[in-house]
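Working notes, beginning with the structure itself.
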Amino acid sequence: MAEEKAPEVDYTLNNPDTLTKYKTAAQISHNVLDAVSALCLEGEKIVEICQKGDKLLEEEIAKVYKGKKIVKGISHPTTVSPSSYVTPLHSSGAETTLKAGEVVKIQLGAQIDGFGTIVCDMVVVPKKDSAKEPVTGREADLILATHYANEVLLRLMVPQGLLAQGTDEEKKKAAAQKAPTQAYMSSLLEKIAKTYDCNVVENTTSWLFGRNEIEGEKKIILSPGNGVRGDGVPEVGEVWGVEVGLSLGSGKVKNLDHRATLHRRTTTTYGLKRPSSRQTLSEVVKKFGTFPFSLRQLEDEKAAKVGVVECVRGGVLRQYEPAGETDGSPVSRLLSTVAITKNGLTKLAAAKPVDLEQIKSDKKLEDEEILKILEQPLARSTGNKKNKSKKKTKTTGGDE
């Protein structure tokens, strides 16, 4: 008698277990992001903050799905990028210390069973031993522009007609509308940026996420450079990493003269000749799968620096080149992991809401089209809020 094949596991959002794993990974990402944000103080070394962040990620990940045969780990190592850096910075900035008043970007993430959530938020580094002060001047412009650009982009990710109200005919009409083009998305975000005298960072990319994959086939590219184009429309049942990056300068990007320390395994196979290269790749596969990692997360960073050279040359590892603003101006960045369900868009891992009372700018958004989009909901109310808030008050005292 032929053996029965084990049923294929449904890894889509149709399986409630998938969303639970994403949410578990997101909660870990949020907890660690809060802790790392508090470490970003004047005079602190970036590499030490990153090391503490990764340690916290590992500790939090170890607490969930204990005793189950589920692969879990870091989906993005802790990175802290100084003011003008566009890409996440890691050990290459070992001696770099944080300066008061600069806008730094923190990025990190966790994954459960290959379902990764990555989040990036911004922090204005406070002066040592002084009370928190309101953010003013050009930094305030940058933060507000990024906040509103992010909120608009998230609303443009919601499929057409999904949240439409009214008669069946009206809903049908709304659903039949074409999804916003990437050129239209770019134009709206550039309009917001101009209001605050900023520019969108070229080639700011949002990706479709999947199991063991944070750079799927679909992607949305804002302010694309020459010969670059995104391809894909968000749909119900998908998870995306939604990115917004703005600059107080030109928005143009250049590679920096730093060693690349962030890498990621590719699907390419190549016969590595050096034992050190094979050893490095073997450790990467075992520890990180296809998620990004830093060389300093490997057992022997010195040996890894040698082993990684052939891996990159052979295409089995991809290195993330450190990049920054061409004119050295401050750059912002937000990255949210979102799920698109039949009820709209759910923020799985996202930056904390901006305290608008603490950000003082003399510039103001007045474009009617943009203000109208900002008024739109991200998701429909499911009617459970009353029960949820009661439950929350009971267990957590109502604190977020």
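The values are calculated or read from the model by the stated rules, or taken from the named source; none is laboratory data. Here the structure is a predicted model, which is why all the values come from computation and not from measurement. With ideal geometry, Cβ positions are generated from the backbone for all residues, glycine too; neighbour counts draw on all protein chains shown. In case anyone asks, the SASA skips ligands and DNA or RNA and just uses the protein heavy atoms, side chains included. Shrake-Rupley method; radii C 1.70, N 1.55, O 1.52, S 1.80 Å.
Listing for the model above:
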read-out	value
Unique residue being over 26 Å from Ala35 (Cα atoms), out of contact with any Pro (no Cβ under 8 Å at 6 or more places or on another chain) and among the basic types (Lys, Arg) when the list is Arg265, Arg333	Arg265
Among residues of segment 92-138, those that are among the charged types (D, E, K, R), open to solvent by 10 Å² or more (accessible area, probe 1.4 Å) and outside any loop (DSSP other than H, G, I, E, B), counted	2
Total residues in segment 274-300, condition open to solvent by less than 70 Å² (accessible area, probe 1.4 Å), within 19 Å of Phe115 (Cα to Cα) and within 22 Å of the chain's Cα centre (by Cα)	7
Answer residue from segment 2-50, given it is of a type in the set (Gly, Ala, Ser) and part of a helix (DSSP H, G or I) and is farthest from Arg211 (Cα to Cα) among those	Ala38
Total residues in segment 74-104, condition among the aliphatic types (A, V, I, L, M), modelled with pLDDT under 90 and farther than 20 Å from Thr204 by Cα	1
Scope segment 187-202; condition assigned to a loop (DSSP other than H, G, I, E, B) and either within 19 Å of Gly324 (Cα to Cα) or not aromatic (Phe, Trp, Tyr) (or both); matching residues	Asp197, Cys198, Val201, Glu202
Selection within segment 56-80 - on the phi < 0 side of the Ramachandran plot, surrounded by fewer than 16 Cβ atoms within 10 Å (Cβ to Cβ) and assigned to a loop (DSSP other than H, G, I, E, B)	Lys63, Lys66, Lys68, Lys69, Ile70, Val71
From the options Gly210, Gly216, Gly241, Gly245, residue that is surrounded by 22 or more Cβ atoms within 10 Å (Cβ to Cβ), among the small types (Gly, Ala, Ser) and closer than 30 Å to Glu301 by Cα	Gly241
Unmet requirement for Lys172, which otherwise passes all of (1) among the charged types (D, E, K, R); (2) at pLDDT 95 or above; (3) farther than 22 Å from Val338 by Cβ	(2)
Enumerated strands (runs of 3 or more DSSP E) restricted to segment 230-284, each holding at least 3 residues that are at pLDDT 95 or above and closer than 30 Å to Leu162 by Cβ	239-244
Number of the exception - Thr346 against (1) part of a strand (DSSP E or B); (2) touching a residue at least 40 places away in the same chain (Cβ under 8 Å)	(2)
Conditions (1) open to solvent by 10 Å² or more (accessible area, probe 1.4 Å); (2) at pLDDT 95 or above; (3) assigned to a helix (DSSP H, G or I): number failed by Gly53	(1)
Count of residues meeting criterion [open to solvent by less than 50 Å² (accessible area, probe 1.4 Å) and over 21 Å from Glu238 (Cβ atoms)] in segment 149-165	1
Number of the exception - Lys287 against (1) farther than 23 Å from Val104 by Cα; (2) at pLDDT below 90; (3) of a type outside the set (A, V, I, L, M)	(2)
Residue count for segment 321-344, restricted to those that are over 17 Å from Val201 (Cα atoms) and open to solvent by 10 Å² or more (accessible area, probe 1.4 Å)	3
Close pairs from segment 49-71: first closer than 12 Å to Gly109 by Cα, partner open to solvent by 40 Å² or more (accessible area, probe 1.4 Å) and not in a helix (DSSP H, G or I), Cβ under 6 Å, at least 6 apart	Ile61/Lys72
